[in-house]
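Everything on this sheet refers to the single structure shown next.
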Amino acid sequence: MGLLHREKNECEDCHTRFSSYEELVHHAHDAHKHHIIKCSDCGKLFLHEKDRLHHVKEERERKTDIRRHKF
Ligand SMILES: [Zn+2]
Ligand SMILES: [Zn+2]
């Protein structure tokens, strides 16, 4: 409903939309036996290696930020 520009968590296989990425990951795993990639750092689950890499990059940048603020 409406034209809310939200992050799209849509299933590639059946085009169902989810309110969170986590829900989409669990759906893809349960319904389509999708291969799931786990972040070795925090255990977060991802559908694609590129998503995990993006997450790892963001986490690294955040940590660098915190370190920078300490100095
Ligand atoms: Zn699906
Ligand atoms: Zn992580």
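Relative contact order of the range 9-70, please, whole-number percent, based on alpha carbon pairs below 8 angstrom and at least 6 residues apart. The partial results should precede the final answer.
Numbers: 47 pairs, mean separation 11.2, N = 62.
Relative contact order comes out at 18 percent.
Whole number in Å², please: accessible area per residue of the chain, 1.4 Å probe, ligands, DNA and RNA not counted. Spell out each step's value before the answer.
On the way: 6160 Å² over 71 residues.
For the chain, the solvent-accessible area averages 87 Å² per residue.
If the chain were replaced by its equivalent ellipsoid, with semi-axes equal to the square roots of 5 times the Cα gyration tensor eigenvalues, what would those be, largest first, whole Å? Mind showing how you got there, number by number?
Numbers: eigenvalues 156, 60, 13 Å².
Result for the chain: semi-axes of 28, 17, 8 Å.
Which net charge results for the neighbourhood of residue 39, defined as the other residues with beta-carbon distances under 14 angstrom from its beta-carbon, given Lys and Arg at +1 and Asp and Glu at -1? Kindly include the intermediate steps, with their values, before the conclusion.
On the way: positive: 38, 44, 50, 52, 57, 60, 62, 63; negative: 22, 41, 49, 51, 58, 59.
Taking every other residue near residue 39 into account, the sum is +2.
Hey, rough spin-label estimate for residue 49 and residue 61, points 7 angstrom out along Cα→Cβ, what's it come to in nanometres?
According to this spin-label approximation, the distance is 2.2 nm.
With unit charges on the beta carbon (Lys/Arg positive, Asp/Glu negative), name the residue among 31, 9, 45 whose Cα is farthest towards the positive pole of the charge dipole of the range 9-70.
With unit charges placed on the Cβ atoms, the residue in question is 45.
How big is the charge dipole of the chain about its Cα centre, in debye rounded to the nearest 20, if each Lys and Arg gets +1 on its Cβ and each Asp and Glu gets -1 on its Cβ?
Details: 15 positive and 14 negative charges, 104 e Å.
In debye, rounded to 20, the chain gives about 500.
The values are calculated or read from the model by the stated rules, or taken from the named source; none is laboratory data. Because the structure is a prediction, the values reported are computed rather than measured. Cβ coordinates were reconstructed from backbone atoms using ideal geometry, including for glycine residues, and neighbour counts include every protein chain displayed. SASA here: full protein model, heavy atoms, side chains in, ligands and nucleic acids out. Shrake-Rupley method; radii C 1.70, N 1.55, O 1.52, S 1.80 Å.
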